[in-house]
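Have a look at the structure below, then the notes.
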2 protein chains.
Amino acid sequence: MPPIPVSKLAPASLPAMPAVPGVRLGAAEAAIRYKGRVDVVMAEMPPGTTVAGVLTRTKCPSAPVDWCRAALKGGKARAVVVNAGNANAFTGKLGADAARRTAEAAAKALGCKAREVFLASTGVIGEPLPDEKIRAALPALRARLSPAPWADAARGIMTTDTYPKAATRTARIGDATVTINGIIKGSGMIAPDMGTMLGFVFTDAKLPAAVLQTLLSRSTETTFNCMTVDGDTSTSDTVLLFATGAARHKRITRAADPALKDFRAKLHDILHELCQLVVKDGEGIEKLITINVSGAVSTRSAKRLGLAIANSPLVKTAIAGEDANWGRIVMAVGKAGEPADRDKLSIRIGGVQVAKKGLRVPDYDEAPVNAHMKGRDIVIDVDIGLGRGKATVWTCDLTHGYIDINGSYRT
Amino acid sequence: MPPIPVSKLAPASLPAMPAVPGVRLGAAEAAIRYKGRVDVVMAEMPPGTTVAGVLTRTKCPSAPVDWCRAALKGGKARAVVVNAGNANAFTGKLGADAARRTAEAAAKALGCKAREVFLASTGVIGEPLPDEKIRAALPALRARLSPAPWADAARGIMTTDTYPKAATRTARIGDATVTINGIIKGSGMIAPDMGTMLGFVFTDAKLPAAVLQTLLSRSTETTFNCMTVDGDTSTSDTVLLFATGAARHKRITRAADPALKDFRAKLHDILHELCQLVVKDGEGIEKLITINVSGAVSTRSAKRLGLAIANSPLVKTAIAGEDANWGRIVMAVGKAGEPADRDKLSIRIGGVQVAKKGLRVPDYDEAPVNAHMKGRDIVIDVDIGLGRGKATVWTCDLTHGYIDINGSYRT
């Protein structure tokens, strides 16, 4: 298969990434699966770094997910080691051993405990991880860690991604300014209801692990868990948030501390941007689709309705075909299994009212809607007409590109 | 868009359909949407005919589905009128009125009550049904009804179907032989958890409506409700079973009557065949996929696990690409939200053991599995390893053809 072209919705370039005080990172070529590209990434954090994480809720988690779930209980982190090309999933005891050996090797190189090393792997499922290749790469990688190479790290974690993904923010906590940097990977097997894909966010804020976890979990619900490429949930999805504590600000003990107002907003912001970067690299994407659901009986219901629309192959192929086939949106609302009343349903596409209270609007003019369908950004507003529940969900269209990419991934 | 080629899995021809004593039918061209083809079908049954039905569970049902739901309460039928090209869905009071007028016109032509006329419509959603075209066609159609034209009827209900679909069986009830004929349509927007698509089954058995309903509902669970093309559930799905009572057999009052043993088996058989005919016309199909799940904690759980695999775009595209990417089956089991234990999971493809108890089998030889992937019939066996729940689910692969068909359905 020819190389996958870069997504038409890719940003022009990576943002300039400042250093995050305390974080040093780097990438190396370990030839795990891909040749001639970086495929192992390591970040080192200083003693005292706290960590929070959201992990896949799959019943078939990868070995690194199991490892992180256990390690998160300690709330402390000194490093994260990530590889691309092999997911170390469905590898049984062999995979658990490979994960443990990798963490132990990194811990030895850094002089920390293995449980302070976090792991993430993506790539093919079911093949033994050649952890010896990762372990062999670690000493040299450790020796040249630096605060700068965020772009290398963003590239080193890619699998079917067509571009590297990173974002940065600064936030005020009291009198101090802290930095938040994030890198992320993902373009297929992207589905919500869990911490999706691999994402790593670093800050120099000084926050207890429990506070970090609250902030991360809360923002995940309206960012990562509101996007979908194909409704398929990975075995490996992991988002980790590290706080080095290098910043000088007042002591924070609660997520609700008013001093965190700006940090909370900026953290949400960066997670949202990282999430958008993933959707915009959705396999085969031609159009970004934003679905705003209102009037549902609850937030949860609104999200499920939005996801039913976002995951409908018929909605997605219609949009790929630039066809304002809103009947399929009706269909998707109807099948979602959530409270809905056909005769109260209203739909806008590109801001144009298409259907109102269960009926196509009189004198419906398809011309402005058809013009909207030809763009890259498709916006669908669905009002359920029953309550006050709202949610926004993002997805991409379903195109020939998706079939090309996924019919021949392993070959 | 060029015409859609006939499915490669289409049967060579329609079976020879015998008459069902008491049933007369026919088809006409009403030019509802398609030109130059039959698009209205009518079947007339004698007084005393009983009826059972399973209808879509969508929250946005079509007007004919609403009509049938009410009419089924009477348990009696004299006719069914079906049109293709317009679903009469999301049409509000206009649509309900159009349905009522159609039923009233047919009732007038036949001399029966409107509530004894059943209706079904498929096609575009959200456009007013030109019921005057249907009503105008009814008198001439009524005048030439006959016991023979099953093929015309099977053709007249098609929308994106690439071939007409019909099946027939005979069954013994006591000393009598009864006939069971069925016609069906469907190829996209096919998902389970309801009576899927439009299907009409006729028999001359003499059975109370309650008995019919029990038999139909029971078989639907393991036939229609175990297939999926795209996970999208229609606004219009309807399966109706009519029994004219023309056959001479002993009085039956219970579905469990031992005299119904053969009839139950044959009814299940014909529903299964009709269901297979729909999956084999799945939009863009290149391969029929049969997924046998065993070892789940319950039948219901097995079915949900099977459907999670069947609806996974990544599983379906891998099969389209003839890639035995069994890691995606693991992924789909993991995301199903049903009890599963990664380390007890076993998978066979084409009868060849691929993974056992959470691990690829030692010395896995992909050659015979790759050979199986090149065929038209793909069989996947998944053992969850937890209990005794079993289910079989059918689907098709996800190909460029699906995108072609659904990116330009309305244009």
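The values are calculated or read from the model by the stated rules, or taken from the named source; none is laboratory data. Just so we're clear, the structure is a prediction, and the values are computed from it rather than from any experiment. Here the Cβ positions follow ideal geometry from the backbone for every residue, glycine too, while neighbour counts run over all protein chains shown.
Do you know which residues across region A:102-146 are more than 14 Å from chain B (Cβ to nearest Cβ) and within 30 Å of B:I347 (Cα to Cα)?
Across region A:102-146, the qualifying residues are A:T102, A:L119, A:A120, A:P130, A:D131, A:E132, A:K133, A:I134.
Scanning region A:335-356 for residues that are in a strand (DSSP E or B) and under 13 Å from A:A367 (Cα atoms), which turns out nearest to the other protein chains (Cβ to nearest Cβ)?
Out of the qualifying residues, it is A:V354.
Taking A:T399 as the residue in question, decide whether it is of a type in the set (S, T, Y), in contact with a Phe, Trp or Tyr (Cβ under 8 Å, 6 or more places away or on another chain) and facing another protein chain (nearest Cβ under 9 Å).
Against the criterion (of a type in the set (S, T, Y), in contact with a Phe, Trp or Tyr (Cβ under 8 Å, 6 or more places away or on another chain) and facing another protein chain (nearest Cβ under 9 Å)), A:T399 does not qualify.
Of A:A70, A:A109, A:A79, which residue is surrounded by 18 or more Cβ atoms within 10 Å (Cβ to Cβ) and over 22 Å from A:K185 (Cα atoms)?
Exactly one of A:A70, A:A109, A:A79 is surrounded by 18 or more Cβ atoms within 10 Å (Cβ to Cβ) and over 22 Å from A:K185 (Cα atoms), namely A:A109.
So which residues in region B:115-132 are over 15 Å from B:V23 (Cβ atoms), surrounded by 19 or more Cβ atoms within 10 Å (Cβ to Cβ) and over 21 Å from the mean Cα position of the chain (by Cα), if there are any at all?
B:G126, B:E127, B:L129, B:D131
Can you say whether A:A71 is modelled with pLDDT of 90 or more, within 14 Å of chain B (Cβ to nearest Cβ) and in contact with an Asp or Glu (Cβ under 8 Å, 6 or more places away or on another chain), as far as the supplied structure shows?
No.
Test B:G295 against the stated conditions and say whether it is more than 7 Å from every other protein chain (Cβ to nearest Cβ) and on the phi > 0 side of the Ramachandran plot.
yes
One line per residue, one yes/no per condition, for (1) part of a helix (DSSP H, G or I); (2) of a type in the set (K, R); (3) modelled with pLDDT of 85 or more; (4) within 16 Å of A:T56 (Cα to Cα):
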site	(1), (2), (3), (4)
A:V211	yes, no, yes, no
A:S219	yes, no, no, yes
A:V239	no, no, no, yes
A:A246	no, no, yes, no
A:H249	no, no, yes, no
A:K261	yes, yes, yes, no
A:L271	yes, no, no, no
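Provide a single number: the residues in region A:94-117 that are assigned to a loop (DSSP other than H, G, I, E, B) and over 18 Å from A:R69 (Cβ atoms).
So the answer is 2.
Is it true that B:M331 is at the interface with chain A (Cβ under 8 Å from one of its Cβ atoms), touching an Asp or Glu at 6+ places or on another chain (Cβ under 7 Å) and on the phi < 0 side of the Ramachandran plot?
Answer is yes for this residue.
Among (1) hydrophobic (A, V, I, L, M, F, W, C); (2) under 21 Å from B:P313 (Cα atoms); (3) at pLDDT 85 or above; (4) not assigned by TED's automatic domain parsing to the domain that holds A:A336, where does A:V229 come up short?
(3)
Just for region A:357-387: of the residues that are at the interface with another protein chain (Cβ under 10 Å from one of its Cβ atoms) and touching a helix residue (DSSP H, G or I) at 6+ places or on another chain (Cβ under 8 Å), which one is surrounded by the most Cβ atoms within 10 Å (Cβ to Cβ)?
Within region A:357-387, the match that is surrounded by the most Cβ atoms within 10 Å (Cβ to Cβ) is A:I384.
How many residues are more than 7 Å from every other protein chain (Cβ to nearest Cβ) and aliphatic (A, V, I, L, M) if we restrict to region B:315-328?
Here the count works out to 3.
Name the residues in region B:324-351 that are crowded, with 24+ Cβ neighbours inside 10 Å and among the hydroxyl-bearing types (S, T, Y), would you?
Matches in region B:324-351: none.
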